[in-house]
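Note sheet for the following structure.
The values are calculated or read from the model by the stated rules, or taken from the named source; none is laboratory data. For clarity, every value in this text was computed on a predicted model and none was experimentally measured. Here the Cβ is made from the backbone with ideal geometry for all residues, glycine too, and neighbour counts use every protein chain on show. Surface areas here come from the heavy atoms of the whole protein model, side chains and all, with no ligands, DNA or RNA. Shrake-Rupley method; radii C 1.70, N 1.55, O 1.52, S 1.80 Å.
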Amino acid sequence: TRSSRPGRARPGLDDLVASYVSFCLRNRALIGVYVSEAVNLPPAAWERTSAVIRQGAREWTVALMAADSRLTEPVARVRIRAALAAIHDLARLGHFSQRPRIAPELASIARAVLLTDPMGRDALSLPA
């Protein structure tokens with residue numbers, strides 16, 4: 001069931017964000033190759049990779065929509081792509097990835113992208 005407590009994301013979303021940030025920071029080179037070279041994969045490899053990405057996206061979508069039941073699936077998917085892009089980009093940049101508190105900073109950025117309306121209003125406090 002979806003969360004009815006305004007302003008509180010379910011632990012599932014927080015866990016996904018934290019574990020993905022951690023993975024990206026530990027695997028900066030791999031993320032760099034993924035971001036820049038995935039389009040060059042042979043068709044069969046791209047199909048397998050896309051299937052894994054779609055499964056992960058479904059998990060994130062379920063978690064985000066549980067955190068904010070007012071989101072539609074298309075809006076959730078766009079926010080997820082934007083949050084992942086921010087994580088990818090900042091984790092790959094050496095001068096950012098060396099910051100002492102980069103993991104919680106990246107998690108905060110991702111949560112802001114995921115849970116904030118593009119017009120600057122907190123998505124969890126918008127009128128129904």
Residue that is in contact (Cβ under 8 Å) with a residue 12 or more places away in the chain and within 15 Å of Leu16 (Cβ to Cβ), where the choices are Glu73, Glu59 | Glu59
Candidates Ala66, Ala51, filtered to the one that is open to solvent by less than 60 Å² (accessible area, probe 1.4 Å), in a helix (DSSP H, G or I) and modelled with pLDDT under 90 | Ala51
Please name all residue pairs, on different chains or six or more residues apart, with Cβ atoms under 6 Å, provided the first residue is in region 32-43 and is within 21 Å of Leu90 (Cα to Cα) and the second residue is surrounded by 10 or more Cβ atoms within 10 Å (Cβ to Cβ) and modelled with pLDDT of 85 or more.
-> Gly32/Arg92; Val35/His88
Test Tyr34 against the criterion of being open to solvent by 80 Å² or more (accessible area, probe 1.4 Å) and either in contact with a Cys (Cβ under 7 Å, 6 or more places away or on another chain) or among the hydroxyl-bearing types (Ser, Thr, Tyr) (or both), and give yes or no.
-> yes
